[in-house]
Every structure is written in structure tokens, then in C-alpha cells.
Amino acid sequence: MNQVKNQMDAVIRNIETVILGKTTEIKLVLSAFLAGGHVLLEDVPGTGKTMLAKALARSFDVNFSRIQFTPDLLPSELTGINFYSPKTGEFTFRKGSLFANIVLADEINRATPRTQSGLLEAMEERQISVDGATYQLELPYFVIATQNPIETQGTFPLPEAQLDRFLVQLNLGYPQLAESVNIVKNTITGAPLKQLKPICTGEDFAAMAKTAAEVFIHDEVYAYIVQLAEATREHEAVALGISTRGIIALARLVQAYTAIDGGEYVKPQDILKLVPYVFAHRIALKGGIKNRMSAISSVLEEVMASVKPPVEVWKER
């Protein structure tokens, strides 16, 4: 586990030369990447969402694709298309933007639902189907999407099925005063993003992911995760609680998070730390509450307080 910690610490330091004061958020994104999931960054413009995605891509020696989602973006631009070549008299498949290891889906909620749905198969099954043919995507495969929660005119909210494909949803928020000063200075005096160099290869990442998947979870800790999900289903304010996919997502994320910390077994306190990032976007409330995220935060606090964590037996194999 120390090897994973050392390599990921180097990646975090690399990204922090561009994204200052966001160690927790960077660690969460890397944990989702290591767990084989995807991330939705929801925040106001100018907080570094796109910059974080680019810095992550530059830290790994893998293929990167950026897609600017707009209302006129076609699904075929994502998945690819078969085009006819007059010279050969045959159809040739031209790959779309989703054929990369790390895909930045910028302002994903500005595309139509039909275009958004083009991501579903790629995110869940790591494959793309076009005209009856299936194309496997190269691993690792990671989608990091951004959206602005304030400006809703001309946008298409992601449906529950699409939100459920994202392992984690988080926001970056504004940096502190000293960090803001350094960000402005670094940007004015140079181009910090262009100076980033790859820290890990695809082979390094595959080895780390394998190690993360071996982090031990005691049966009582598995039961604790399930009980937290069941508590959301039984809460009086919740119309749609956490599904089995959400339970698996939390288990995988906490494994990766523990590996990045250098741990060998999952602790209940780490589960509680990650619950809001995995559960919040998967919960639907009753009654159409206006301030959705604030209300969900209150629900999750009640859920976590209602389920008693296991005593220290989770590390016993």
C-alpha cells in the first residue's frame, strides 16, 4: 500500500502546482479514478473545474479528450460514425471523442438528453456500439464531467440514470485569500498547466488499481455500508434511496481512498467521510424541495447518525 500512497502523493503534488488549496478534492477525484468510477464536478464558473481535469490528464501518460457539450452536439460526435469512402467503396469507422483514457465532458448539461445518453454505455460498460458493431474502450477509462448549477437557462438536467453513473459528485468552491493570490500570480507570470509532466504511466495506474481493489473490508463493515443505504430508503423525506449500484460505489471508493492513504483495511470513519460524495446525487426527495442539496445534506446527517458503526473488528481477516 505504501507504493500506492507514494505514487499518488507525487500525483497530488503535481496537480497542486496548478490547483491550490484543494487537496481533499484532488484526493477524491483520484480515488474515483483508481476505483474505476467517474466524477461530476458541479460548481460556478471560474473555480478550476476544467483546470483540475486537465491537470489530472497531464499527470498520467494516457490519452486525453476534451468535449465541449453544446445543444447542437450530435451523439455521433461522441461515439463515432461509419462513413463511406468513394476511393475504396467501403465504409470505415471513424472514432468519436469518447475514445480516450480520460474524457473531459465540459458543461455536460448543455447537451440534449439524446447526446447525454451517448455516454451511458461508455461509462458503465467501457464499450461503444455503433450500427450493430461494438468497440471496446481502452482502460483505464475515466469521465470527468462539469456543470454549472446556477445558470440553468438552456440546460438539460441530468436524469437519475445518468447521475447514477457518476461514482462521485463534488464541488471545488472558492480558494482562500492567500491561495487566490498565488493562483493569480502563477497565471500572470507563466503557464503552470503547460509545465506539468506525467507522473504515472498506464501500467503504473493498472498496478495501483489492482492493489486498491485488494484493500480489506470486514463483513461487519460491508453490513454497515448496506445499513447506511437502507436507512436512506426508509427515511421519511426520501422518495428514492440508494440503490445496489450506490452501495458498490461507496465500497469501491473507500477501498481506493484507503489505498491512497496507505492503509490496508477500511475504517468506518472513512466511510462516513465519503458518504456525502457518493450518496447525495443519488437521492431523490419527496415534495420537490427547492434547496435540494441543503435538504439532502440534512437527510444524510440523520442517516449517518442513525446507523451505529461497528466496533474495531473490521480489520480482522
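Every number here is computed from the coordinates shown, using simple stated rules; none is lab data. Computed from a predicted structure; not experimentally measured. Cβ: placed from backbone, ideal geometry, glycine included. Neighbour counts: every protein chain shown.
At-a-glance table
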| item | result |
| --- | --- |
| Gaussian network model of the chain, Cα within-10 Å springs - most flexible of Glu107, Glu138, Glu42 | Glu138 |
| Kirkwood hydrodynamic radius (C-alpha pairs) into Stokes-Einstein, the stretch 41-98, 10 °C and 1.306 mPa s, D in µm²/s | 111 µm²/s |
| His38 long-range amide H proximity, modeled H, under 5 Å | Leu167, Val168 |
| Student exercise, the chain dipole from Lys, Arg, Asp, Glu Cβ charges, in Debye to nearest 20 | 660 debye |
| For the chain, calculated [θ]222 nm from helices alone, where every DSSP H run of n ≥ 4 adds -39500 (n - 2.57) | -13500 deg cm²/dmol |
| Rounded FRET efficiency, nearest 0.05, which uses the C-beta distance separating Leu74 from Thr187 and R0 of 35 Å | 0.55 |
| Radius ratio Rg over Rh of the stretch 215-306, counting only Cα atoms, Kirkwood formula for Rh | 0.99 |
| Using θ = phi - 60° and Karplus 6.51 cos²θ - 1.76 cosθ + 1.60, couplings along the stretch 234-251 (whole Hz; Gly, Pro as x) | 8, 5, 5, 8, 9, 8, 9, x, 7, 7, 4, 4, x, 5, 4, 4, 5, 4 |
| Rounded to whole Hz, the Karplus (6.51, -1.76, 1.60) HN-Hα couplings of the stretch 106-113, x for glycine and proline | 7, 6, 4, 7, 8, 8, 5, x |
| Val226, Val181, Val215 arranged by Cβ crowding within 10 Å, fewest neighbours leading | Val181, Val226, Val215 |
| Cβ-defined net charge surrounding Tyr224, 13 Å radius [Lys, Arg +1; Asp, Glu -1] | -3 |
